[in-house]
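Here is the structure we will look at.
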Amino acid sequence: MNKKILFVLFLAALMLASCGTIPDLGIGGESVEEEMELQEIKPEPTEAIVPESIYYRDELEEDPNKDWGLRVISGLEEQLIWSQMDGKLRFRTLPPNDLNVIFFNKHNSYEDVIVQAEVENFGPLDQEFSIMCRATEHGWYEFRISSSGYYELLRFDQYLKDEGKNAYTNLLEKRLNSTLIDAGLDKNVFSLSCVGSTISGFINGEQLYFKKRPLAIEDDTYRDGTIGFGILGYGKELDMTFNWVEAIKP
């Protein structure tokens, strides 16, 4: 196509435009905004809105006596040495007696709750960390793990203790082994869930299995109460820490 033909077509287009005879291409009339009922784009908040799921959390960086009260289940209080080390609550014990001590929260009580803690072992493996839910003067539920790879799910009955009997009932009938526990000197996060009449345990974010089914024990002895955490030693020098403890809304 030569330059003369292009010039002629250009002039023809100008004449049609001046006469208003250019075909309607649908770009007039109602705007796209009106046709599609578009709304104004509003800025989103810069911080994500996360539903509140934590009832309570303690980083254990301050004096534990502020929020926790000590109860000695067995052994002597003088055997327990506690300190704060790098933002962790450190426990050491002196032999020769077995020792079972618990710290109960003074201020909070819950019905349905998940108690969770991160723990770390710095000494012998034959010791146990424990967490509790629904604790009252009558008793509580308790979940224990050891750095040797074992766990227990128990119910404590104060009436039995007052009678001079074994206050603990093992809800699983015995101490069990789990590969979910990072044995040795590694950290572990373990959780005790008390929801309705269902009591269950989790280790490092994984639910335990019992008799080839998810661990879920039905027991309605206790309906509400405070939370707790503790340590157990069996006549040896122990060295262990709780890094934090929290109560989570199920």
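Checking the condition touching a strand residue (DSSP E or B) at 6+ places or on another chain (Cβ under 8 Å), modelled with pLDDT of 95 or more and assigned to a helix (DSSP H, G or I), which residue from Tyr151, Tyr159 passes? Write out each step before concluding.
On the way: Tyr151 fails: assigned to a helix (DSSP H, G or I).
Testing whether each residue is touching a strand residue (DSSP E or B) at 6+ places or on another chain (Cβ under 8 Å), modelled with pLDDT of 95 or more and assigned to a helix (DSSP H, G or I) leaves just Tyr159.
Restricting the search to the stretch 220-231, which residues are closer than 27 Å to Ser147 by Cα and either of a type outside the set (S, T, N, Q) or exposed (fewer than 14 other Cβ atoms within 10 Å of the Cβ) (or both)? First the steps, then the outcome.
Here is the first cut: in the stretch 220-231, the ones closer than 27 Å to Ser147 by Cα are 226-231.
Hits for the stretch 220-231 are Ile227, Gly228, Phe229, Gly230, Ile231.
Of (1) surrounded by fewer than 20 Cβ atoms within 10 Å (Cβ to Cβ); (2) modelled with pLDDT of 95 or more; (3) under 24 Å from Arg223 (Cα atoms), Glu118 satisfies all except one. Which?
Every listed condition holds for Glu118 apart from (3).
Tell me, yes or no, whether the stretch 240-247 has at least one residue that is within 18 Å of Ser130 (Cα to Cα), out of contact with any helix residue (DSSP H, G or I) (no Cβ under 6 Å at 6 or more places or on another chain) and surrounded by fewer than 15 Cβ atoms within 10 Å (Cβ to Cβ).
Keep residues of the stretch 240-247 that are within 18 Å of Ser130 (Cα to Cα), which gives 240-247.
Narrowing the set further to residues that are out of contact with any helix residue (DSSP H, G or I) (no Cβ under 6 Å at 6 or more places or on another chain) leaves 240-247.
In the following step, the residues that additionally are surrounded by fewer than 15 Cβ atoms within 10 Å (Cβ to Cβ) were identified as none.
Within the stretch 240-247 (the criterion being within 18 Å of Ser130 (Cα to Cα), out of contact with any helix residue (DSSP H, G or I) (no Cβ under 6 Å at 6 or more places or on another chain) and surrounded by fewer than 15 Cβ atoms within 10 Å (Cβ to Cβ)), the answer is no, since none of the residues qualifies.
When both residues are 6+ apart or on different chains and their Cβ atoms are under 8 Å apart, which pairs have a first residue that lies in the stretch 197-210 and is without any contact (Cβ under 8 Å) to a residue 40 or more places away in the chain and more than 17 Å from Val113 (Cα to Cα), and a second that is surrounded by 15 or more Cβ atoms within 10 Å (Cβ to Cβ) and among the aromatic types (Phe, Trp, Tyr)?
Asn204/Phe190
Yes or no: the stretch 211-230 includes at least one residue that is of a type outside the set (Gly, Ala, Ser), more than 23 Å from Glu118 (Cα to Cα), at pLDDT below 95 and part of a strand (DSSP E or B).
Scanning the stretch 211-230, I find at least one residue that is of a type outside the set (Gly, Ala, Ser), more than 23 Å from Glu118 (Cα to Cα), at pLDDT below 95 and part of a strand (DSSP E or B), so the answer is yes.
Just one of (1) part of a loop (DSSP other than H, G, I, E, B); (2) more than 30 Å from Glu61 (Cα to Cα) trips up Leu185, so point out which.
(2)
Could you tell me which numbered condition Asp186 fails, if it satisfies all but one of (1) within 30 Å of Asn97 (Cβ to Cβ); (2) at pLDDT below 95; (3) crowded, with 16+ Cβ neighbours inside 10 Å?
(3)
The values are calculated or read from the model by the stated rules, or taken from the named source; none is laboratory data. All figures in this text were calculated on a predicted structure; none of them were measured in a lab. Because the Cβ atoms are built from the backbone with ideal geometry, glycine has one as well, and the counts that use them run over all protein chains shown.
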